[in-house]
1. Which members of region 8-27 meet the condition of being modelled with pLDDT of 90 or more and farther than 23 Å from Arg77 by Cβ?
2. Please work out if Gly65 is modelled with pLDDT under 95, within 16 Å of the chain's Cα centre (by Cα) and within 24 Å of Tyr26 (Cα to Cα).
3. Among residues belonging to region 1-45 that are aromatic (Phe, Trp, Tyr) and more than 20 Å from Asp80 (Cβ to Cβ), point out the one that is farthest from the chain's Cα centre (by Cα).
4. Output the number of the condition that Glu50 fails; it satisfies all remaining conditions of (1) surrounded by 14 or more Cβ atoms within 10 Å (Cβ to Cβ); (2) at pLDDT 95 or above.
5. What do you reckon, is Tyr96 in contact (Cβ under 8 Å) with a residue 60 or more places away in the chain, aromatic (Phe, Trp, Tyr) and over 12 Å from Ile15 (Cβ atoms)?
6. Across region 8-23, what is the total count of residues that are exposed (fewer than 15 other Cβ atoms within 10 Å of the Cβ) and among the charged types (D, E, K, R)?
Amino acid sequence: MLEVTFFERNHRYSIAAKGHAEYGPYGQNIVCAAVSVLLQSYGNYLENLEKYNKVKVLEIKYEDGDINVDALDTTDRIKDLYLMTMGGIEDVYNAYPGLIHLNYKTHKKKYPQKGGQKNFF
């Protein structure tokens, strides 16, 4: 199962994905590919913002079965991108129920979602 954790606190925004969705053969797993491209786009944008001193990137890691994008927002530029990336991952979660486990470490949704399992901390 693919486990995605969203973390938001004190202007720090992090999204981590671990594991695999086991939707198809290795290299053809469209669920993992969809989540990966969303997180890589999020990370690439943050790296560009950091070049102009708009954010502080704490970690960007892209490894097989382990992606982490973590940044500190010093100018209120990350939140919308963070929420957009979260929404995209939730869309994948809803389209492919039971393959993704979502954890929210501070951002609580106010509406019910269909799909796999979600934890609110």
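The values are calculated or read from the model by the stated rules, or taken from the named source; none is laboratory data. What you see is a predicted model; the values in this text were computed from it and never measured. Reconstructed Cβ throughout: ideal geometry from the backbone, glycine too, with neighbour counts over all protein chains shown.
1. Lys18, Gly19, His20, Ala21, Tyr23
2. Values: modelled with pLDDT under 95: yes; within 16 Å of the chain's Cα centre (by Cα): yes; within 24 Å of Tyr26 (Cα to Cα): yes.
When the stated conditions are applied, Gly65 passes them.
3. First pass over region 1-45, keeping only residues aromatic (Phe, Trp, Tyr): 6-7, 13, 23, 26, 42, 45.
This time we only want the ones that are more than 20 Å from Asp80 (Cβ to Cβ), so: 23, 26.
Details: Tyr23: 18, Tyr26: 21 Å.
Here the answer is Tyr26.
4. All conditions are met except number (2).
5. Values: in contact (Cβ under 8 Å) with a residue 60 or more places away in the chain: yes; aromatic (Phe, Trp, Tyr): yes; over 12 Å from Ile15 (Cβ atoms): yes.
Taking the combined requirement at face value, the residue satisfies it.
6. Total satisfying the criteria: 2.
A quick yes/no check of all residues on (1) in contact with a strand residue (DSSP E or B) (Cβ under 7 Å, 6 or more places away or on another chain); (2) outside any helix (DSSP H, G or I); (3) closer than 19 Å to Gly98 by Cα:
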site	(1), (2), (3)
Ser14	yes, yes, no
Tyr26	no, yes, yes
Val35	yes, no, yes
Gln40	yes, no, no
Leu46	yes, no, no
Leu49	yes, no, no
Asn68	yes, yes, no
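Results for (1) touching a helix residue (DSSP H, G or I) at 6+ places or on another chain (Cβ under 8 Å); (2) at pLDDT below 95; (3) surrounded by fewer than 18 Cβ atoms within 10 Å (Cβ to Cβ); (4) under 11 Å from Ala17 (Cβ atoms), shown as yes or no for each residue.
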| residue | (1), (2), (3), (4) |
| --- | --- |
| Leu39 | yes, no, no, yes |
| Asn44 | no, no, yes, no |
| Asp73 | yes, yes, no, no |
| Asn94 | no, no, yes, no |
